[in-house]
Amino acid sequence: MPDLSLEKRKVTICITTSSGKMSQQKRLAEAELAMVQAALQRINSEIIQNAKMHLNQPIIVGLDVKDFFPSLNFELVWQYFRDQNIAREPARLIATLCTFKGHLPQGAVTSPFLANRLLREFDETMLRHCRQAKVNYSRYADDITLSGSISNDLKERLISFVREGLHHYGLQLNNDKIRVQHRNNRQEVTGIVVNEKLQAPRELRRTLRQKMYYLNRYWENDWQKMTENDLDKLLGQVNFVWGIDKANSEFAEYRKQLLEIKRYFILQSKKNNHINIRTLVR
(Lines give C-alpha, C1' and ligand atoms only; values in the text may rest on other atoms or scores of the structure.)
Protein backbone atom coordinates (compact mmCIF):
# COMPACT_ATOMS: atom_id res chain seq x y z
CA MET A 1 0.00 0.00 0.00
CA PRO A 2 1.53 3.37 -0.99
CA ASP A 3 2.48 5.96 1.60
CA LEU A 4 -0.15 8.68 1.14
CA SER A 5 1.28 11.12 3.65
CA LEU A 6 2.82 14.41 2.56
CA GLU A 7 5.75 14.42 4.96
CA LYS A 8 8.26 13.83 2.16
CA ARG A 9 6.45 15.62 -0.63
CA LYS A 10 5.19 19.18 -0.49
CA VAL A 11 4.02 21.57 -3.17
CA THR A 12 5.37 25.10 -3.23
CA ILE A 13 4.26 27.67 -5.77
CA CYS A 14 6.51 30.62 -6.57
CA ILE A 15 5.08 33.52 -8.55
CA THR A 16 7.15 36.25 -10.21
CA THR A 17 6.13 39.18 -12.34
CA SER A 18 7.72 42.17 -14.01
CA SER A 19 4.86 44.46 -13.04
CA GLY A 20 5.20 46.99 -10.26
CA LYS A 21 1.55 46.40 -9.47
CA MET A 22 2.26 43.00 -7.96
CA SER A 23 2.24 44.25 -4.37
CA GLN A 24 -1.26 45.67 -4.89
CA GLN A 25 -2.37 42.43 -6.51
CA LYS A 26 -0.97 40.49 -3.58
CA ARG A 27 -2.86 42.65 -1.09
CA LEU A 28 -6.09 42.12 -3.01
CA ALA A 29 -5.38 38.40 -3.26
CA GLU A 30 -4.72 38.13 0.48
CA ALA A 31 -7.98 39.97 1.21
CA GLU A 32 -9.91 37.63 -1.10
CA LEU A 33 -8.19 34.58 0.40
CA ALA A 34 -9.17 35.78 3.88
CA MET A 35 -12.78 36.00 2.69
CA VAL A 36 -12.57 32.44 1.33
CA GLN A 37 -11.25 31.18 4.68
CA ALA A 38 -13.95 33.06 6.58
CA ALA A 39 -16.66 31.57 4.37
CA LEU A 40 -15.24 28.05 4.84
CA GLN A 41 -15.10 28.58 8.60
CA ARG A 42 -18.70 29.81 8.75
CA ILE A 43 -20.03 26.87 6.75
CA ASN A 44 -18.03 24.39 8.82
CA SER A 45 -19.21 25.94 12.07
CA GLU A 46 -22.89 25.72 11.07
CA ILE A 47 -22.61 22.10 9.91
CA ILE A 48 -20.66 21.01 13.00
CA GLN A 49 -23.02 22.77 15.43
CA ASN A 50 -25.96 21.09 13.71
CA ALA A 51 -24.35 17.64 14.03
CA LYS A 52 -23.31 18.15 17.68
CA MET A 53 -26.93 18.29 18.76
CA HIS A 54 -27.34 14.63 17.79
CA LEU A 55 -24.12 13.17 19.19
CA ASN A 56 -24.33 9.74 20.85
CA GLN A 57 -28.09 9.25 20.50
CA PRO A 58 -29.93 5.90 20.43
CA ILE A 59 -31.95 6.76 17.30
CA ILE A 60 -31.57 9.44 14.64
CA VAL A 61 -34.30 10.20 12.12
CA GLY A 62 -33.20 12.13 9.04
CA LEU A 63 -35.75 13.91 6.85
CA ASP A 64 -35.27 15.76 3.58
CA VAL A 65 -37.40 18.63 2.29
CA LYS A 66 -38.21 18.05 -1.37
CA ASP A 67 -37.09 20.78 -3.84
CA PHE A 68 -36.32 23.06 -0.92
CA PHE A 69 -35.06 26.32 -2.48
CA PRO A 70 -37.19 26.08 -5.67
CA SER A 71 -40.29 25.74 -3.46
CA LEU A 72 -39.58 28.97 -1.56
CA ASN A 73 -41.18 31.29 -4.06
CA PHE A 74 -41.23 35.01 -4.78
CA GLU A 75 -44.50 35.60 -2.91
CA LEU A 76 -43.10 34.15 0.32
CA VAL A 77 -39.96 36.27 0.01
CA TRP A 78 -41.93 39.41 -0.83
CA GLN A 79 -44.30 38.85 2.11
CA TYR A 80 -41.31 38.41 4.44
CA PHE A 81 -39.98 41.85 3.49
CA ARG A 82 -43.48 43.35 3.83
CA ASP A 83 -43.63 41.87 7.34
CA GLN A 84 -40.44 43.81 8.11
CA ASN A 85 -42.41 47.03 7.51
CA ILE A 86 -40.85 47.61 4.10
CA ALA A 87 -43.16 49.39 1.66
CA ARG A 88 -44.81 47.40 -1.11
CA GLU A 89 -42.66 48.47 -4.09
CA PRO A 90 -39.25 48.45 -2.30
CA ALA A 91 -40.15 45.01 -0.91
CA ARG A 92 -40.99 43.85 -4.43
CA LEU A 93 -37.67 45.16 -5.74
CA ILE A 94 -35.64 43.44 -3.00
CA ALA A 95 -37.56 40.18 -3.45
CA THR A 96 -36.90 40.36 -7.20
CA LEU A 97 -33.17 40.77 -6.57
CA CYS A 98 -33.14 37.80 -4.16
CA THR A 99 -35.05 35.39 -6.40
CA PHE A 100 -34.45 33.83 -9.81
CA LYS A 101 -37.21 32.46 -12.04
CA GLY A 102 -39.67 33.05 -9.20
CA HIS A 103 -37.89 31.30 -6.33
CA LEU A 104 -34.80 31.34 -4.12
CA PRO A 105 -31.82 30.18 -6.21
CA GLN A 106 -29.69 27.40 -4.77
CA GLY A 107 -26.09 28.56 -4.32
CA ALA A 108 -26.88 32.27 -3.86
CA VAL A 109 -25.41 33.69 -0.65
CA THR A 110 -28.77 35.26 0.26
CA SER A 111 -30.82 32.07 -0.08
CA PRO A 112 -29.87 30.24 3.18
CA PHE A 113 -30.37 33.44 5.19
CA LEU A 114 -33.81 34.09 3.70
CA ALA A 115 -34.83 30.43 3.97
CA ASN A 116 -34.03 30.50 7.69
CA ARG A 117 -36.05 33.70 8.12
CA LEU A 118 -38.99 32.29 6.18
CA LEU A 119 -38.99 29.08 8.28
CA ARG A 120 -38.28 30.72 11.62
CA GLU A 121 -41.80 30.15 12.95
CA PHE A 122 -41.72 26.53 11.70
CA ASP A 123 -38.40 25.90 13.49
CA GLU A 124 -39.63 27.47 16.73
CA THR A 125 -42.81 25.38 16.62
CA MET A 126 -40.80 22.21 15.96
CA LEU A 127 -38.39 22.99 18.81
CA ARG A 128 -41.27 23.43 21.29
CA HIS A 129 -43.01 20.28 20.11
CA CYS A 130 -39.83 18.16 20.18
CA ARG A 131 -38.80 19.53 23.57
CA GLN A 132 -42.10 18.31 25.01
CA ALA A 133 -41.43 14.88 23.47
CA LYS A 134 -37.83 14.95 24.82
CA VAL A 135 -36.46 14.75 21.29
CA ASN A 136 -33.64 16.81 19.76
CA TYR A 137 -34.52 18.83 16.65
CA SER A 138 -32.41 20.72 14.13
CA ARG A 139 -32.66 21.86 10.54
CA TYR A 140 -29.79 22.68 8.20
CA ALA A 141 -31.26 24.00 4.94
CA ASP A 142 -33.36 21.08 3.62
CA ASP A 143 -32.02 18.51 6.15
CA ILE A 144 -34.24 18.00 9.20
CA THR A 145 -32.87 15.81 11.99
CA LEU A 146 -34.64 14.31 15.03
CA SER A 147 -32.82 12.27 17.67
CA GLY A 148 -33.32 10.63 21.04
CA SER A 149 -35.22 7.64 22.41
CA ILE A 150 -37.75 7.57 19.58
CA SER A 151 -40.28 4.73 19.41
CA ASN A 152 -41.90 3.80 16.10
CA ASP A 153 -45.15 5.41 17.21
CA LEU A 154 -43.41 8.66 18.21
CA LYS A 155 -41.44 8.65 14.97
CA GLU A 156 -44.65 8.49 12.89
CA ARG A 157 -46.28 11.25 14.95
CA LEU A 158 -43.24 13.51 14.60
CA ILE A 159 -43.00 12.95 10.86
CA SER A 160 -46.71 13.74 10.52
CA PHE A 161 -46.19 16.94 12.55
CA VAL A 162 -43.29 17.95 10.28
CA ARG A 163 -45.43 17.33 7.18
CA GLU A 164 -48.20 19.55 8.54
CA GLY A 165 -45.82 22.35 9.40
CA LEU A 166 -44.08 22.30 6.02
CA HIS A 167 -47.38 22.27 4.15
CA HIS A 168 -48.05 25.81 5.39
CA TYR A 169 -45.05 26.98 3.31
CA GLY A 170 -45.86 24.90 0.26
CA LEU A 171 -43.10 22.44 1.16
CA GLN A 172 -43.14 18.63 1.17
CA LEU A 173 -41.01 15.86 2.63
CA ASN A 174 -39.13 13.62 0.25
CA ASN A 175 -40.55 10.20 1.12
CA ASP A 176 -37.62 8.43 -0.53
CA LYS A 177 -35.14 10.08 1.84
CA ILE A 178 -36.55 9.26 5.28
CA ARG A 179 -33.67 7.63 7.19
CA VAL A 180 -33.80 5.90 10.58
CA GLN A 181 -30.32 5.30 12.01
CA HIS A 182 -29.74 3.16 15.08
CA ARG A 183 -26.81 3.35 17.47
CA ASN A 184 -25.45 -0.08 16.50
CA ASN A 185 -24.95 1.18 12.92
CA ARG A 186 -23.14 4.24 11.62
CA GLN A 187 -25.12 7.41 12.25
CA GLU A 188 -24.54 10.49 10.10
CA VAL A 189 -25.90 14.01 10.36
CA THR A 190 -25.11 16.46 7.52
CA GLY A 191 -22.22 14.25 6.47
CA ILE A 192 -20.65 13.88 9.92
CA VAL A 193 -20.49 10.60 11.84
CA VAL A 194 -22.02 11.19 15.29
CA ASN A 195 -22.03 7.78 16.99
CA GLU A 196 -19.54 8.47 19.80
CA LYS A 197 -17.59 11.50 18.58
CA LEU A 198 -17.77 13.82 15.62
CA GLN A 199 -15.69 12.58 12.71
CA ALA A 200 -15.68 12.65 8.93
CA PRO A 201 -16.67 9.39 7.22
CA ARG A 202 -13.74 7.04 6.70
CA GLU A 203 -14.43 6.75 2.96
CA LEU A 204 -14.16 10.53 2.53
CA ARG A 205 -10.86 10.70 4.43
CA ARG A 206 -9.43 7.84 2.35
CA THR A 207 -10.53 9.45 -0.94
CA LEU A 208 -9.02 12.81 0.04
CA ARG A 209 -5.72 11.19 1.04
CA GLN A 210 -5.52 9.59 -2.39
CA LYS A 211 -6.34 12.86 -4.17
CA MET A 212 -3.71 14.76 -2.19
CA TYR A 213 -1.14 12.05 -2.80
CA TYR A 214 -1.62 12.19 -6.57
CA LEU A 215 -1.78 15.99 -6.53
CA ASN A 216 1.64 16.09 -4.86
CA ARG A 217 3.12 13.17 -6.76
CA TYR A 218 2.22 14.44 -10.22
CA TRP A 219 1.85 18.16 -9.58
CA GLU A 220 4.83 19.23 -11.67
CA ASN A 221 3.37 17.76 -14.87
CA ASP A 222 -0.38 17.82 -14.24
CA TRP A 223 -1.12 21.03 -12.30
CA GLN A 224 -2.55 22.76 -15.38
CA LYS A 225 -5.34 20.17 -15.53
CA MET A 226 -6.82 21.46 -12.29
CA THR A 227 -9.55 24.07 -12.71
CA GLU A 228 -10.45 26.52 -9.98
CA ASN A 229 -13.78 24.72 -9.56
CA ASP A 230 -11.89 21.45 -8.97
CA LEU A 231 -9.71 23.21 -6.44
CA ASP A 232 -12.64 24.83 -4.61
CA LYS A 233 -14.39 21.46 -4.30
CA LEU A 234 -11.25 19.76 -2.97
CA LEU A 235 -10.48 22.64 -0.61
CA GLY A 236 -14.04 22.58 0.71
CA GLN A 237 -13.87 18.83 1.41
CA VAL A 238 -10.44 19.01 3.07
CA ASN A 239 -11.53 22.02 5.13
CA PHE A 240 -14.64 20.10 6.17
CA VAL A 241 -12.55 17.18 7.53
CA TRP A 242 -10.05 19.53 9.19
CA GLY A 243 -12.85 21.59 10.76
CA ILE A 244 -14.27 18.51 12.50
CA ASP A 245 -10.87 17.65 14.02
CA LYS A 246 -8.46 20.60 13.97
CA ALA A 247 -5.87 18.56 15.86
CA ASN A 248 -5.48 16.38 12.75
CA SER A 249 -2.06 17.54 11.48
CA GLU A 250 -2.40 15.54 8.26
CA PHE A 251 -5.47 17.43 7.05
CA ALA A 252 -4.12 20.70 8.44
CA GLU A 253 -1.19 20.25 6.04
CA TYR A 254 -3.50 19.40 3.14
CA ARG A 255 -5.52 22.54 3.87
CA LYS A 256 -2.41 24.70 4.01
CA GLN A 257 -1.25 23.42 0.64
CA LEU A 258 -4.62 23.94 -1.03
CA LEU A 259 -4.88 27.49 0.32
CA GLU A 260 -1.48 28.21 -1.25
CA ILE A 261 -2.78 26.93 -4.59
CA LYS A 262 -5.95 29.00 -4.12
CA ARG A 263 -3.75 32.06 -3.56
CA TYR A 264 -2.09 31.36 -6.92
CA PHE A 265 -5.44 31.09 -8.70
CA ILE A 266 -6.58 34.39 -7.17
CA LEU A 267 -3.35 36.14 -8.17
CA GLN A 268 -3.58 34.73 -11.67
CA SER A 269 -7.10 36.08 -12.06
CA LYS A 270 -5.94 39.56 -11.02
CA LYS A 271 -2.76 39.79 -13.08
CA ASN A 272 -2.38 42.32 -15.85
CA ASN A 273 0.99 41.06 -16.97
CA HIS A 274 2.40 37.62 -17.60
CA ILE A 275 2.98 35.55 -14.48
CA ASN A 276 5.72 32.95 -14.54
CA ILE A 277 5.02 29.98 -12.30
CA ARG A 278 7.62 27.60 -10.99
CA THR A 279 6.56 24.52 -9.06
CA LEU A 280 8.89 22.93 -6.60
CA VAL A 281 8.07 19.40 -5.46
CA ARG A 282 10.27 18.34 -2.61
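Over the chain, give the accessible area per residue in Å² for a 1.4 Å probe, as an integer. Can you show the working numbers first?
Details: 16510 Å² over 282 residues.
Value for the chain: 59 Å² per residue.
Compare the peptides 135-141, 237-243 by average per-residue count of other Cβ atoms within 10 angstrom and give them in order, highest first.
In decreasing order of mean packing, 135-141, 237-243 become 237-243, 135-141.
If we count every other residue with Cβ under 14 angstrom of Q199's Cβ, Lys/Arg +1 and Asp/Glu -1, where does the sum land? Write out the running numbers ahead of the final one.
Working: positive: K52, R186, K197, R202, R205, R206, K246; negative: E188, E196, E203, D245, E250.
That sum, taken over residues with Cβ under 14 Å, equals +2.
From the phi of every residue in segment 204-216, what ³J(HN,Hα) in whole Hz does the Karplus formula 6.51 cos²θ - 1.76 cosθ + 1.60 yield, where θ is phi - 60° and glycine or proline is x?
For segment 204-216, the Karplus curve yields 5, 4, 5, 4, 5, 4, 5, 4, 5, 4, 5, 4, 6 Hz.
Considering every Cα-Cα pair within segment 30-137, what fraction, in whole percent, is farther apart than 21 Å?
For segment 30-137, the fraction of Cα-Cα distances above 21 Å is 52 percent.
As a quick test, which of the pairs K66/K233; K197/K262; K26/K225; K155/K246; K52/K134 have an alpha carbon distance above 27 angstrom in this structure? Intermediate results must be reported in sequence, preceding the final value.
Working: K66/K233 24 Å; K197/K262 31 Å; K26/K225 24 Å; K155/K246 35 Å; K52/K134 16 Å.
Violating the 27 Å limit, Cα to Cα: K197/K262; K155/K246.
Add +1 for every Lys or Arg and -1 for every Asp or Glu among the other residues with Cβ under 11 Å from the Cβ of A115, and state the total.
Numbers: positive: R117, R120, R139; negative: D123, D142.
Cβ neighbours under 11 Å give a net charge of +1.
Over the chain, what portion of Cα pair distances is larger than 30 Å, expressed as a whole percent? Walk me through the intermediate numbers first.
Details: 18534 of 39621 pairs.
Summing the P(r) tail past 30 Å for the chain gives 47 percent.
How large is ³J(HN,Hα) for each residue in segment 44-56, as worked out from phi by the Karplus curve 6.51 cos²θ - 1.76 cosθ + 1.60 (θ = phi - 60°), to whole Hz, x for Gly and Pro?
Result, ordered by residue: 4, 4, 5, 5, 5, 4, 4, 5, 4, 5, 10, 5, 6 Hz.
As a test question: what accessible area, to the nearest 10 Å², does T227 have when a 1.4 Å probe is rolled over all protein chains in place?
Here the residue's solvent-accessible area equals roughly 70 Å².
Show me, for segment 159-167, the HN-Hα J-couplings you get by feeding each phi into the Karplus relation (A = 6.51, B = -1.76, C = 1.60, θ = phi - 60°), rounded to Hz, glycine and proline as x.
5, 5, 5, 5, 4, 4, x, 5, 4
Under the rule a/c < 1.5 gives rounded, and otherwise a/b versus b/c splits prolate from oblate, where does segment 118-175 land using the Cα gyration tensor? Intermediate results must be reported in sequence, preceding the final value.
Working: a/c = 1.74, a/b = 1.38, b/c = 1.25.
The shape class here is prolate.
Computing the accessible area with a 1.4 Å probe over protein heavy atoms, can you report the carbon and sulfur percentage for the chain?
On the way: 7900 of 16510 Å².
Heavy-atom surface of the chain belonging to carbon and sulfur, 1.4 Å probe: 48 percent.
The values are calculated or read from the model by the stated rules, or taken from the named source; none is laboratory data. Just so it is clear, the model here is predicted, and its values are computed rather than measured. Glycine also receives a Cβ, built like all others from the backbone with ideal geometry; neighbour counts cover every protein chain displayed. Accessible surface is based on the protein model in full, side chains and every heavy atom, while ligands, DNA and RNA are left aside. Shrake-Rupley method; radii C 1.70, N 1.55, O 1.52, S 1.80 Å.
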